[in-house]
Amino acid sequence: MTDRAQTFETVARLIAPFNKKGVALTEATSFQSDLEWDSLTVLDFVANIEDEFDIIITMNMQAEIETVGQLVDAVMKLTAKA
């Protein structure tokens, strides 16, 4: 399994408790339109991602991340710098 695939699997595992509608996750899954997350859910989820990967996702970065694939890209980029 590639690093990206492993990162996707970890992100998917962290999304699971917040995926109340049981949406099938793909790279194109949107946090807002597909998962229908509110701002509190986003904050809780981002905290989990930051803890899991030992990274900081800035508010500016969060504003640009709309899909699961974009989040995986951001995590890969941030963990590469660590």
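Phi angles across region 45-57 convert, under the Karplus curve 6.51 cos²θ - 1.76 cosθ + 1.60 with θ = phi - 60°, into 3J(HN,Hα) values of 5, 4, 4, 5, 4, 4, 5, 4, 9, 6, 9, 10, 9 Hz, Gly and Pro given as x. Accessible surface of GLU52, taken over heavy atoms with a 1.4 Å probe and every protein chain present, rounds to 90 Å². Can you compute the helix-only [θ] at 222 nm over the chain? Use -39500 (n - 2.57) per DSSP H run of at least 4 residues, normalise by all residues, nearest 500 deg cm²/dmol. Value at 222 nm, helices only, nearest 500: -18000 deg cm²/dmol.
For region 31-56, the residues whose amide N sits under 17 Å from a probe point set 7 Å from the Cα of GLU9 along the beta carbon direction are 53. Our summary gives the chain a relative contact order of 41 percent, counting only alpha carbon pairs under 8 angstrom and 6 or more residues apart. Remark: the Cα gyration tensor places the chain in the oblate category, a/c being 1.5 or greater and a/b not exceeding b/c.
The values are calculated or read from the model by the stated rules, or taken from the named source; none is laboratory data. No experiment lies behind these values; they were computed from the predicted model shown. Note: ideal-geometry Cβ built from the backbone for every residue, glycine included; neighbour counts use all protein chains shown. Note: areas computed on protein heavy atoms with side chains; ligands, DNA, RNA excluded. Shrake-Rupley method; radii C 1.70, N 1.55, O 1.52, S 1.80 Å.
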